[in-house]
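Following: one structure in structure tokens, then a few remarks.
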Amino acid sequence: MNTRSLGTTGPQVSALGLGCMGMSALYGDADRAESIATVHAALEAGVTLLDTGDFYGMGHNELLIGEALSTAPAARREQALISVKFGALRGPDGSWGGYDGRPAAVRNFAAYSLQRLGVDHIDVYRIARLDPAVPVEETVGAIAELVEKGYVRHIGLSEVGAETIRRAAATAPISDLQIEYSLISRGIEAEILPTTRELGIAITAYGVLSRGLISGHFTADRQLAADDFRAHSPRFQGDNLRHNLTLVEALRKIAEQKGVSVAQIAIAWVLAQGARYDDIVPLVGARTRERLAESLGALDVALDAADLAAIEEAVPADAAAGERYPAAQRAHLER
């Protein structure tokens, strides 16, 4: 497994990370035993970065990862690096209530995460979305205090803009920014990516397959459960979906010419965007060992200049139809 550094101040991690959210929430039912087996298979393959959030299934995901680590061989357990997002407020009915970045809340969230995960420290800790009522300096400063006390190793950011990145980095060392980045979600390229590279901050890219939309496995007639995020996502609706799937078919032709899957070439494209700087680590949201194996195959896909040009022609920037989040959730993203 190749490794990449999470910025100039962060740890060495596997070139691909495992995003574990779908094992607990937002994409319909998941099989617990298969989820744990997938975490074990990822560790066995050399994946070290496991990404979660304390609000994924209201703690379910952290408990799942804790169980997976406790049942993994000791050597595999020790290699795991856990990245945790916090701050999202949930109701008993699963509703969303905003974000809390107050220092007291930061300490409280961390205490519960450590208990659920069954660990004595969190490797990378970050607020999931900026709390508009709390200056980022206060939230990051509170995490920095947890670093000083040994409860957290590194500080990350999530879904924030260039100005906030600079303010956070002036407060404490920042290892990485977690943000959506894929062939059809390229908004970070204009301002955010140049800023992180200037400051020596890595990108952990989620949504590299756009929630399965550009995996090559999603079809227009697929029925989604009411609790599946994609049932309400603009990119999965009506004409938007039909348009976006034409992009996938264009990408499929290139993948077939190279003898790889659509998912593999889409992940390889994200890897290639960070090749020069070794600063982009894709998070793959595999929920099964089969999908994990496919994703890991992207590490063996070499894209030359001609391949990248063909991909760009097939799926130009801003080619996707529909926003990446519904309006209510877009309100929590920094523009």
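The values are calculated or read from the model by the stated rules, or taken from the named source; none is laboratory data. Here the structure is a predicted model, which is why all the values come from computation and not from measurement. So basically every Cβ, Gly included, is an ideal-geometry build from the backbone, and we count neighbours across all protein chains shown. Calculation scope for accessible area: heavy atoms of the full protein, side chains included, ligands and nucleic acids excluded. Shrake-Rupley method; radii C 1.70, N 1.55, O 1.52, S 1.80 Å.
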Among (1) under 16 Å from Ala110 (Cα atoms); (2) in contact with a Gly (Cβ under 7 Å, 6 or more places away or on another chain), there is one condition Val134 misses while meeting the rest; what is its number? (1)
Of Ala321, Ala298, Ala310, the only residue that is farther than 30 Å from Gly101 by Cα, crowded, with 17+ Cβ neighbours inside 10 Å, touching a strand residue (DSSP E or B) at 6+ places or on another chain (Cβ under 9 Å) and touching a residue at least 40 places away in the same chain (Cβ under 8 Å) is Ala298
Out of curiosity, is Glu180 open to solvent by 10 Å² or more (accessible area, probe 1.4 Å) and over 25 Å from Ala68 (Cα atoms)? no
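Condition check ((1) part of a strand (DSSP E or B); (2) open to solvent by 10 Å² or more (accessible area, probe 1.4 Å); (3) over 29 Å from Ala68 (Cβ atoms)) across all residues:
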residue: Gly94; (1), (2), (3): no, yes, no
residue: Pro132; (1), (2), (3): no, yes, yes
residue: Ile143; (1), (2), (3): no, no, no
residue: Ala170; (1), (2), (3): no, yes, yes
With the structure loaded, tell me whether Glu256 is open to solvent by 40 Å² or more (accessible area, probe 1.4 Å), within 16 Å of Ile214 (Cα to Cα), among the acidic types (Asp, Glu) and modelled with pLDDT of 95 or more or whether it fails that test. yes
Number of positions in the range 145-160 that are among the hydrophobic types (A, V, I, L, M, F, W, C), open to solvent by less than 40 Å² (accessible area, probe 1.4 Å) and not in a loop (DSSP other than H, G, I, E, B): 4
If I go through the range 190-208 residue by residue, how many of them are modelled with pLDDT of 95 or more, at negative phi and surrounded by fewer than 18 Cβ atoms within 10 Å (Cβ to Cβ)? 4
Select from the range 96-107 the residues that are of a type outside the set (A, V, I, L, M, F, W, C) and assigned to a strand (DSSP E or B) and write down the one among them that is farthest from Ser158 (Cα to Cα). Gly97
Quick check: is even one residue across the range 185-193 within 21 Å of Ile82 (Cβ to Cβ) and not hydroxyl-bearing (Ser, Thr, Tyr)? no
Options Val301, Val284, Val262; residue that is over 27 Å from Arg126 (Cα atoms), touching a Leu at 6+ places or on another chain (Cβ under 7 Å) and of a type in the set (A, V, I, L, M, F, W, C): Val262
Here is a list of conditions, (1) open to solvent by less than 60 Å² (accessible area, probe 1.4 Å); (2) touching a residue at least 40 places away in the same chain (Cβ under 8 Å); (3) farther than 22 Å from Ser14 by Cα; (4) outside any loop (DSSP other than H, G, I, E, B), and Tyr112 meets all of them except one; can you say which number that is? (1)
Restricting to the range 222-238, and then to whatever is assigned to a helix (DSSP H, G or I), at pLDDT below 85 and not charged (D, E, K, R), can you tell me which residue is surrounded by the most Cβ atoms within 10 Å (Cβ to Cβ)? Phe229
Of all residues in the range 262-288, how many are basic (Lys, Arg) and surrounded by fewer than 17 Cβ atoms within 10 Å (Cβ to Cβ)? 1
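Each row is one residue, and each column tells you yes or no for (1) open to solvent by less than 20 Å² (accessible area, probe 1.4 Å); (2) farther than 23 Å from Ala128 by Cα.
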| residue | (1), (2) |
| --- | --- |
| Arg211 | no, no |
| Ala220 | no, yes |
| Asn244 | yes, yes |
| Val260 | no, yes |
Residue tally, condition over 20 Å from Tyr206 (Cβ atoms), part of a helix (DSSP H, G or I), out of contact with any Ser or Thr (no Cβ under 9 Å at 6 or more places or on another chain) and not polar (S, T, N, Q), over the range 254-289: 3
Tell me, which helices (runs of 4 or more DSSP H) lie completely within the range 1-91 with 3 or more residues that are farther than 15 Å from Gly118 by Cα and open to solvent by less than 10 Å² (accessible area, probe 1.4 Å)? 32-44
Out of Ala88, Ala37, Ala30, sole residue that is of a type in the set (A, V, I, L, M), out of contact with any helix residue (DSSP H, G or I) (no Cβ under 9 Å at 6 or more places or on another chain), over 22 Å from Asp278 (Cβ atoms) and in contact (Cβ under 8 Å) with a residue 40 or more places away in the chain: Ala88
